[in-house]
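Written below as structure tokens is the structure these notes are about.
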Amino acid sequence: MAATASSTAGLAAPRRRLALPLDRVAWLLLAAFVAVVVLVPLAYTIDAAFYAETRTGLSTRRSLAAVTAVYTSWEYLSVLVNAIVLALVVTALSLVVGVAMALLVGRTDIPFKGVLDMLVILPLFLSPFTGLIAWIALGSEKTGFVNGAIRAVLGTFMENPPALVNLWSYGGIVWVMFLFFCPFVYLFTLGSLRSMDASLEEAARTSGASVLQTVMRVTLPMSLPSIFAAGLLVFILAAEMYTIPGIIGGTFGFVTLPWRIYQDSTVFPVHQAHAAASGTILLWVTIGGVWMQRRMTRVSERYVSISGKGFRGRPLALGRARWLALAFVGLYVASADVLPFGALIVSSLMKFSAASLSPEVFTTKHYVELFTLANMRDALWNTALLAVLSGAICVAAGLVISYAEVRRPGRATRLLAFVGVLPVAVPGLVYGIGLLWTYLQTPLYGTIWILLLAYVAKFLPYGILVSRNGILQVHPELEQSARMSGATTRQALVHVTMPLLRVTLIAVLFFVMIMSIKELSASILLYAQQSQVLSVLTWHYMDSGNYQFAAAVGVVQTVLMILLVVGTRAVFRVRLESAIGKGGS
């Protein structure tokens, strides 16, 4: 009995010695940093909702008029419903297609896996706004390349064939958003599928289960944390997007709440209190989504799939259906990669929009002018610097916060994690307004550092959520074994947990860099002449109707993203298309 008690005490001791992953001073500094970056601008934003308005901004007088109008009038509730329904439709479509493609590439014997890995995530190198420029060139009724090609074919059989594709519709909004959000679902789901222990799948197949039964009863339930996290991510990105719904929807009267926020913030007379109040509505909606995701993954042991065994199973055999599966993935690749990338390059080389291509419509003047602009070099440097810095900060802070929350759950760690993910619920445009009011009278205003604060605040939630997802899949027994051998908590984190999470952390870095390069909503409010970024330049040219010049900037932006990704792969020696697809390797 004494020996048993001693053994039990020895096993329990590491649990009692479990401490925060940083010393107390560093932990307090991290908490203070998160509070300043996240809470202060958010507090300014919420506070602004309770002011009266003038035609140019906020009054000094308090008022509930804006909050009352936003929360009770159908004028605002209707556009909120539009935004939520649109986000749900895009999320559902992205989940179905993204999870299906992740299953096919990650768990079956589909041909050309290596090529498909890269091709499916290629849309991440193209911002949705830049992709919109490409699809305007492709899907416009009169000048779209697709309709031009269809007319050329049908013209041999009928006179004046109709346009069969119309981007300027609700379906066009859903289509463009789906194409460029689906890779997030694929990428994050693929990581869970490839990192899980396949012994349960082997057992199911040995017991006579079919491929479909194995996937539905074993594979997908083991991947639920990643799937819910991916769905939440896409829903938030879709719900806060104002560019695609605003530009396309404006042609037929479809308005979403984010577009209304943009108009209230920038169109004279401005309604900044209404914009802030509208942001609080999206705050409650997204907090509800985060709460649901936490509820689904609160019993983390149910989803542990990385253990010390390292078991790998053989891929599920599709038989003849493998070529049908290849055609399914290939259709997405053609729609999301080949057509928009090709259209973007062609558009950037055209003098004006035209459905039929001929030598006289092509020119290289846009690129010549682009690289002679005085602000282009500054925009390139600012964009690259902000991407690298925001990525590094979000990886480090996200890992520490999520590790403490999962391994040392308590009020302090849960509160810090909750505060860290709050910006995910606030549209970048509204958060940019909060940062603008916070730092307007400080030296940070008008510099790239205020943009860095915005990027860190906006993308830190994804660093926390994705890191938390990865930590949930690492069994705590691995860290406990290290501590029983004399390692400290910090040593166990560095030498055990981080190597297992290496590719997940690289995925976070990759994701934040890409999102930083594409970020527009906060940048458009916070930039100054010396702190312009490529996304802002693209918006200005697009807004002025110069689609061809905007396409040229979009090509440069896309090339920059690809170069950063290639650089990251070279430094870390990991294929980024598999970055979260090799969870324990």
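General remarks:
- Solvent-accessible area per residue for segment 249-289 (1.4 angstrom probe, square angstrom): 34 Å²
- For segment 353-473, the spread of Cα positions along each principal axis, largest first, Å: 67, 42, 23
- Accessible area (Å², 1.4 Å probe, nearest 10) - TYR462: 10 Å²
- Qualifying chymotrypsin sites (Phe, Trp or Tyr not before Pro) in segment 361-442, where qualification requires a DSSP coil assignment and no more than 16 other C-beta atoms within 10 Å, comprise PHE371.
- In terms of accessible area, using a 1.4 Å probe and ignoring ligands and nucleic acids, THR538, THR364 rank largest first as THR364, THR538.
- Sparse packing (at most 16 other Cβ atoms within 10 Å of the Cβ) combined with a DSSP loop state is found for the following trypsin sites (Lys or Arg not before Pro) in segment 70-179: LYS142.
- Approximate spin-label separation MET498-VAL81, in nm, with each point projected 7 Å along Cα-to-Cβ: 5.2 nm
- Segment 387-423 and segment 118-193 have Cα centres spaced 37 Å apart.
- Inter-label distance, nm, simple model (7 Å from Cα along the C-beta direction), LEU357/ALA396: 4.7 nm
- Applying the Kirkwood pairwise sum to the alpha-carbon positions of segment 143-193 produces a hydrodynamic radius of 13.5 angstrom.
- Distant-in-sequence amide H partners of THR108 (H built 1.01 Å from N, under 5 Å): LEU316
- The largest accessible area among THR447, THR156, THR219, THR54 belongs to the first residue in THR156, THR54, THR447, THR219, and the rest follow in falling order (1.4 Å probe, all chains).
- With the simple spin-label model, which puts each label point 7 Å out from Cα in the Cβ direction, the ALA528 to ALA321 separation comes to 6.0 nm.
- Förster radius 56 Å - calculated FRET efficiency between TRP449 and ASN166, Cβ distance, rounded to 0.05: 0.80
- If R0 equals 51 Å, the separation of the Cβ atoms of TRP74 and ALA26 corresponds to a calculated FRET efficiency of about 0.50.
- Computed FRET value (nearest 0.05) for TYR367 with MET484, which takes r as the C-beta separation and R₀ as 51 Å: 0.25
- Accessible-area composition of segment 314-446, carbon plus sulfur, in percent [1.4 Å probe]: 69 percent
- Taking all protein chains together, HIS274, HIS366, HIS540 sort by accessible area into HIS540, HIS274, HIS366, largest first [probe 1.4 Å].
- Taking 0.36 nm per residue of separation and subtracting the current Cα-Cα distance, fully stretching the chain between SER59 and TRP291 would add 80.0 nm.
The values are calculated or read from the model by the stated rules, or taken from the named source; none is laboratory data. If you're wondering where the values come from, they're calculated on a predicted model, not measured in any experiment. No Cβ is skipped: glycine too gets one built from the backbone with ideal geometry, and neighbour counts run over all protein chains shown. Note: accessible area is taken over every heavy atom of the protein model, side chains too, but ligands, DNA and RNA are not part of it. Shrake-Rupley method; radii C 1.70, N 1.55, O 1.52, S 1.80 Å.
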